[in-house]
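Written out below as structure tokens is the structure these notes cover.
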Amino acid sequence: MLSVTILIAGLLSAPASVAETSARAAEPTPTATTFVPPPGCDIDRALGTCRISVTEDSQRPAGGDEEKSATKKAVKAGCFYDGQPIPCKTSEGFWDPASGCYLTPKDKPLTFSDTSKIPPGSKFYRCWYVYDVEDGKPVGEARFESVIREPGETQTIDPREAARQVVESMVFVAPQLGLSPYVQSAAHKGIVNVPVWMWVTDPGASTTGPLTKRAALGGVAIEATGTVDRIDWSMGGGDVVTCKGAGTPFDRAAAEGKSLKEIPDSPTCGHRYRKTSRCENGQAFQVTATAYWTVHWTGGGMEGDIPLQFSRSLPLQVVDLRPVLVAPDGEGNTAATTPPRACS
């Protein structure tokens, strides 16, 4: 057993690496929440922090229910002034227990000091100083002097910005596409009115979720979890099929010994073409699968959702097996009963 002490609303400073993703996160939309100190919360009135001690099993696998529960408690403990809960964000800015202010980022400092001595790379904030709490609302006033954070100090950060940076560091990948004609037909062609099964060939945390990351930025501990809401398959020709999950891989045994009419539809994600792709660009339909994600984040007494989407495409030729006439005696030329229509 391992005893772990978690600092809530303290100055945690573990940096997060930023990895390239195929889509940039939209601006998070926070949901303000009022929190009550959880059981076992040891409040530091001077710093406005809450400390909780939890006991973890050192052998428990990462991501277990107990770990999520403990982390959730830590992140959502809220903000405090002199032991009293206060909003983590108001119209005056976001709460910074180190300065006792609600801070708003500014491009330039307001100070009576010599600005030439401010180290390059410093961050500046307008301070709305809190000196009391009445009916759960902070009471304070704006100060002229800016709060200045020099390089090397823990940089105060808006929880929404911290969440955006954490989400940007998460590795999301557009799913690889599986289509039944590619494993059913040597010619890799679909057939009109014959079932096409669609599925994700590389399901996993980065492609179909869920994907979770925890990090601390600028004194804010963030937990973000991305889940796939749906995958939209644009089949070409205007048809779109919405599937809830990764789909079902095509089973060749399902078609073994069966005629085309007897091949079953996919139980989870499928489509039947009603026309050929002969008149499409390149004589193929462009099949595009788009995974729609929602990343829910919590931290700094706030929470929000960030929508993301990732797409991948491939071409699929679809042909029609046209009936032919055969002479009763088996002699003579065969001819198609329905010649192909001209492309408009």
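Going by the conditions given, is residue 157 assigned to a loop (DSSP other than H, G, I, E, B), crowded, with 16+ Cβ neighbours inside 10 Å and either modelled with pLDDT under 90 or assigned by TED's automatic domain parsing to the domain that holds residue 87 (or both)? Break it down into steps so the answer makes sense when it comes.
On the way: assigned to a loop (DSSP other than H, G, I, E, B): yes; crowded, with 16+ Cβ neighbours inside 10 Å: yes; either modelled with pLDDT under 90 or assigned by TED's automatic domain parsing to the domain that holds residue 87 (or both): yes.
Taking the combined requirement at face value, the residue satisfies it.
Residue 205 falls short on exactly one of the conditions (1) touching a residue at least 24 places away in the same chain (Cβ under 8 Å); (2) under 12 Å from the mean Cα position of the chain (by Cα), and that condition is (1). Residue count for the stretch 112-135 under the criterion of being touching a strand residue (DSSP E or B) at 6+ places or on another chain (Cβ under 7 Å) and either among the small types (Gly, Ala, Ser) or over 13 Å from residue 84 (Cβ atoms) (or both): the result is 9. Looking only at residues in the stretch 200-219 that are of a type outside the set (A, V, I, L, M) and in a strand (DSSP E or B), the one that is farthest from residue 173 (Cα to Cα) is 214. Screening 288, 242, 298 for residues that are assigned to a strand (DSSP E or B) and at pLDDT below 95 leaves exactly one candidate, 298. Looking across the stretch 245-262, the residues that are modelled with pLDDT under 90 and either out of contact with any helix residue (DSSP H, G or I) (no Cβ under 7 Å at 6 or more places or on another chain) or among the hydroxyl-bearing types (Ser, Thr, Tyr) (or both) come down to 251, 253, 254, 256, 257, 258, 259, 260, 261, 262.
Can we say residue 117 is under 27 Å from residue 101 (Cβ atoms), at pLDDT 90 or above and surrounded by fewer than 18 Cβ atoms within 10 Å (Cβ to Cβ)? Reasoning before the result, please.
Values: under 27 Å from residue 101 (Cβ atoms): yes; at pLDDT 90 or above: no; surrounded by fewer than 18 Cβ atoms within 10 Å (Cβ to Cβ): yes.
No: the conditions fail for residue 117.
Among the candidates 287, 241, single out the residue that is buried (at least 17 other Cβ atoms within 10 Å of the Cβ), more than 17 Å from residue 191 (Cβ to Cβ) and in contact (Cβ under 8 Å) with a residue 24 or more places away in the chain. Working first, answer last.
Values: 287 fails: more than 17 Å from residue 191 (Cβ to Cβ).
Of the residues listed, the single one that is buried (at least 17 other Cβ atoms within 10 Å of the Cβ), more than 17 Å from residue 191 (Cβ to Cβ) and in contact (Cβ under 8 Å) with a residue 24 or more places away in the chain is 241.
The values are calculated or read from the model by the stated rules, or taken from the named source; none is laboratory data. Remember, predicted model here, so these are calculated numbers, not experimental data. Backbone-built Cβ (ideal geometry, glycine too); neighbour counts: all protein chains shown.
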